[in-house]
Amino acid sequence: MDRNTPASPLVLDAKEVGRRPGVMRELNFTAGAPADFGTDVIGVPEGQSMDLGVRMESVHEGVLVTGTVSATAKGACVRCLDEIDLPVETTFQELFVWPDRAKHHREVDAESDEEEHFIEDDRIDLEPVLRDAVVPNLPFQPVCREDCPGLCSQCGARLEDDPEHHHEQIDPRWAALEALQPLVDRPGTENDEEKRN
Ligand SMILES: [Zn+2]
Ligand SMILES: [Zn+2]
């Protein structure tokens, strides 16, 4: 039994299943997120734990890795700038090819322009696969909730905290009329005069 500890929890040991097609191995483990695991607006912070369920399956050309990853991405709402914790759960599947099978694999898979993944020194590096599975699924414009009211365009106050929030807004043209009003219109003046008569 090989007990060598891989360099990173995201690096699997291909010898777990070896070159014996049909041999399968299931692993459940927690690993810290690698650096740059997200976009400018949202991502899983480096070192934050991710739960992984991985099945390694020895196939003719290499090792087929299928799994799920769940983690919590952190970012800021694009409307109100509040912090967001966004649960992320996604699946992935990737064939890692033995180096000596790579040429054959390339011929068979010539049509595909997908990036190929290889087993190097019996190691399977999940990091790029996880990145490709998680990062494209993160929202471009994360919001704390779909109907987040955002910030007041005039003073920047959070409208969520103060839904009644509004500003007395007097159009400059109306303001000018209001200033004139006492001179041009005195309601009731005529009537009063009639009553007196
Ligand atoms: Zn928000
Ligand atoms: Zn305001």
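The values are calculated or read from the model by the stated rules, or taken from the named source; none is laboratory data. Note that this is a predicted model, so its numbers are computed, not measured. Methodologically, a virtual Cβ is constructed for each residue, glycine included, from the backbone with ideal geometry; neighbour enumeration extends over all protein chains shown.
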Query raised in the report: Out of curiosity, is Leu130 under 14 Å from Ala73 (Cα atoms) and modelled with pLDDT of 95 or more?
Result: yes
Query raised in the report: Residues in the stretch 75-102 that are more than 16 Å from ligand 2 (Cβ to nearest atom) and more than 23 Å from Glu127 (Cβ to Cβ): how many?
Result: 7
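May I ask you to say which residue of Pro99, Pro87 is within 13 Å of the chain's Cα centre (by Cα), of a type outside the set (Asp, Glu) and loosely packed, with under 14 Cβ neighbours inside 10 Å? Working first, answer last.
Numbers: Pro99 fails: within 13 Å of the chain's Cα centre (by Cα).
Just a single option satisfies the conditions, and that option is Pro87.
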Report task. For the stretch 46-60, enumerate the residues that are out of contact with any strand residue (DSSP E or B) (no Cβ under 6 Å at 6 or more places or on another chain) and surrounded by 14 or more Cβ atoms within 10 Å (Cβ to Cβ). Result -> Gln48, Ser58, Val59
Query raised in the report: Restricting attention to the stretch 45-74, and to residues there that are more than 19 Å from Asp13 (Cα to Cα) and among the charged types (D, E, K, R), which single residue is nearest to ligand 2 (Cβ to nearest atom)?
Result: Lys74
Query raised in the report: Could you list, in sequence order, the residues of the stretch 133-151 that are at negative phi and within 13 Å of ligand 1 (Cβ to nearest atom)?
Result: Pro139, Gln141, Pro142, Val143, Cys144, Arg145, Glu146, Asp147, Cys148, Pro149, Leu151
